[in-house]
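Rule-based calculations on the coordinates, nothing more; no lab input. What you are looking at is a predicted structure, and each value in this text was computed from that prediction instead of being measured. Positions of Cβ are backbone-derived with ideal geometry, glycine not excepted, and every protein chain shown enters the neighbour counts.
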Amino acid sequence: MKTRLTKYLNKIRLSLLFAATFFLIMLLAMLLVLLGMILLNRLGVPHGKPDGLPLLLFALVSLLVGTLLAAVFSHRPLAPIRKIIEASDQIARGNYNTRIHLVGPDEFKHLSSSFNHMAEELESVEMLRSDFVNNFSHEFKTPIVSIRGFAKMLKRDDLTQDEKNEYLDIIITESERLTELATNVLNLSKIEKQSILTDKTYYNVSEQIRRVIALLDKKWSDKHMEIIFDCEEIMLNANEELMNQVWINLLDNAVKFSPDYGMVEIKIFHDDTDIVFTIADQGGGIPPETARHIFDKFFQGDVSHSAAGNGIGLTIARHIIELHHGSISLDTNNQIGAKFIIRIMEV
């Protein structure tokens, strides 16, 4: 109630400020007219006739003076608008470092804060766009260069059969990497266009996660890892195919960034009206600066790109969870590794 009253009072104060400005201009114009009439009276110049030349001349002079006064006195009230226009032009030219600091009523300060926040967001979007282009180019270029290089080497006549098989395996692996990247991009594009979730079914999500663990068996077995998943059978009303992508992406990341002989722990439990899923690994963890962008498209915390991946998996997972009116977050209080928390409302 107090906030609404404050906003209402601020609106009235701003209206009164502009009204007072125009009232002052009108008052000065009227005083000039009055002083002019008094002066004409003292000089004995007739001004009562509507068709008199002095009256017409005086009217023109009064109009000119009133216009000049309006221009002079409106300069200060319009100054914030000019600053906003200039700052907007700078933003339009790509200078996202532009900031404004208006003084005066609270509305001007709020306007400054909103404009500066918009500029910061645009600056962040531009940085992400640049990173997106760089990362996307890198992810496509690397396997293509690798495929081309090993394909050229296969043309040599002095290669042994083992070397040929090795090069062919590399080409196959890089081709699969390109296929996976293209598939993920298409999946992300498809999911981003969805606004309504269809094909929801009531199914056993615990069993679904067990199947995903089995699907990725080779990856975590090769690293001699342990997957801990022991929970009751929980039913979920969701799109089974889309949710399968979420578990694959999250578990694949957990295995990828965990050390050999590490452990990944998966839990599911009821919390009030939500079903909560947690996936925790024992990797190196995620720095706070990286955590801010962890769900951004094509963002990779590993700037060296030494780890396999394309920065799309978590973006896809976030969009799918949001389509289910749920939430996914990174537990910043986790002491070891990374821990993702998913909440989906029970229906």
Given the range 138-238, what whole percent of its Cα pairs are spread farther than 24 Å?
-> 56 percent
By the mean-Cβ-within-10 Å protection proxy, highest first, 158-171, 140-153 rank as 140-153, 158-171
Relative packing of 247-254, 338-345, which averages over residues the other C-beta atoms within 10 Å, highest first = 247-254, 338-345
